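Heads up: the structure comes next, in structure tokens.
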Amino acid sequence: MMKILIVEDEPGISAFLRQGLEEESFEVDVAETGAEGLTLALSGEYDLLLLDWMLPGVSGVELCRVFRKSFRDIPVIFLTAKDTAEEAIFALQSGANDYIRKPFHFEELLERIRVQLRPKINDQSELTLGPITLNRDTFEVYKHGVPVSLTQKEFALLEFLMRNKGRVCRRSSIIAQVWDIHFEYNTGVIDVYINALRKKLALTDAENYIQTVRGVGYLAKE
Ligand code: CA
């Protein structure tokens, strides 16, 4: 599970962010001051930092500068009310990977977080989707800890959907990525494999982890 540290002194905003991110299966810690945030951040146990710009005491920018001396590869996204180009440049120069202006749409922030975490998600050997775990090193799939036997293609399809958890996978990209077919092709084969997957994983209506997005494709969602 990916772990995010939010450093934000406005409780309303941090509570809103925490709830949204936890619903998206992130583990979340919140710090209310720059000093507290820096202490937690320097533990190195976070996959991403969300920093408010204006904080009491140590500012977000100062926090980011100090943090960057020890951790170069952990993404940092600023939440800022500032909107001039100069300040955006200042934020990026302090070592941030991205910034988003308040007020923002949660979906946009989520997308920016995913962009930053994508390389890491792609590196993970174990993927999860609700009670389902998939291990890319051992080619094993479990549901509630019980092994599920899949064919190679079913495994590849499930892996692709799980790697893109929370994002709609278009039929054309599924057929290109999983079947390696890059030309106009009857994509009906996908539905056959999706049905087989749902059956083998014993997915019920209450466990709709592989959702059909009509006319578009499929979505792995918790
Ligand atoms: Ca603030």
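The values are calculated or read from the model by the stated rules, or taken from the named source; none is laboratory data. Model, not experiment: these values are computed from the prediction. No Cβ is skipped: glycine too gets one built from the backbone with ideal geometry, and neighbour counts run over all protein chains shown. Areas reflect the complete protein model, heavy atoms only, side chains present, ligands, DNA and RNA absent. Shrake-Rupley method; radii C 1.70, N 1.55, O 1.52, S 1.80 Å.
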**Request:** Note the full-extension length gain between His105 and Glu23 as 0.36 nm times their separation in residues minus their Cα-Cα distance, in nm to one decimal.
**Result:** 28.0 nm
**Request:** Report the convex hull volume per residue for segment 182-222, counting only C-alpha atoms, in Å³.
**Result:** 83 Å³
**Request:** Any chance you could count the Lys pairs in the chain whose alpha carbons are under 13 Å apart, treating pairs 8 or more apart or on different chains as valid?
**Result:** 5
**Asked** Regarding the chain, what are the three Cα extents along the principal axes, ordered largest first, in Å?
**Response** 58, 38, 30
**Prompt:** At 222 nm, what helix-only mean residue ellipticity would the chain give, in deg cm²/dmol to the nearest 500, using -39500 (n - 2.57) for each DSSP H run of four or more?
**Reply:** -12500 deg cm²/dmol
**Within segment 57-83, backbone nitrogen closer than 19 Å to the virtual label 7 Å beyond the Cα of Leu42 toward Cβ** = 57-76
**Request:** For segment 50-147, report the accessible area per residue in Å² (1.4 Å probe, heavy atoms, rounded to an integer).
**Result:** 54 Å²
**Message:** At 1.4 Å probe size, with the rest of the protein present, what percent of the exposed accessible area of the chain is carbon and sulfur atoms?
**Reply:** 50 percent
**Among 1-12, 152-163, the order from most to least packed when residues are scored by Cβ within 10 Å on average** = 152-163, 1-12
**Request:** Quick one: compute the contact order of segment 3-122, relative version, from alpha carbon pairs under 8 angstrom and 6+ residues apart, as a percent.
**Result:** 23 percent
**Complete:** Given 205-216, 54-65, 165-176, the highest-first ranking by average Cβ count within 10 Å works out to 54-65, 165-176, 205-216
**Efficiency of FRET from Cβ geometry, Thr138 and Arg214, R₀ 25 Å, rounded to 0.05** = 0.10
**Item:** DSSP bridge pairs, segment 19-154: antiparallel proportion in percent, nearest 5
**Value:** 60 percent
**Fill in**
With label points set 7 Å from each Cα along the Cα-to-Cβ direction at Thr84 and Ser70, the distance between them in nm comes to 3.3 nm
**Request:** Can you tell me the order of 88-94, 128-134 when each peptide is scored by its average per-residue count of other Cβ atoms within 10 angstrom, highest first?
**Result:** 128-134, 88-94
**Asked** What number, in percent, do you get for the relative contact order of the chain if the mean sequence gap of Cα pairs under 8 Å and at least 6 apart is divided by its residue count?
**Response** 13 percent
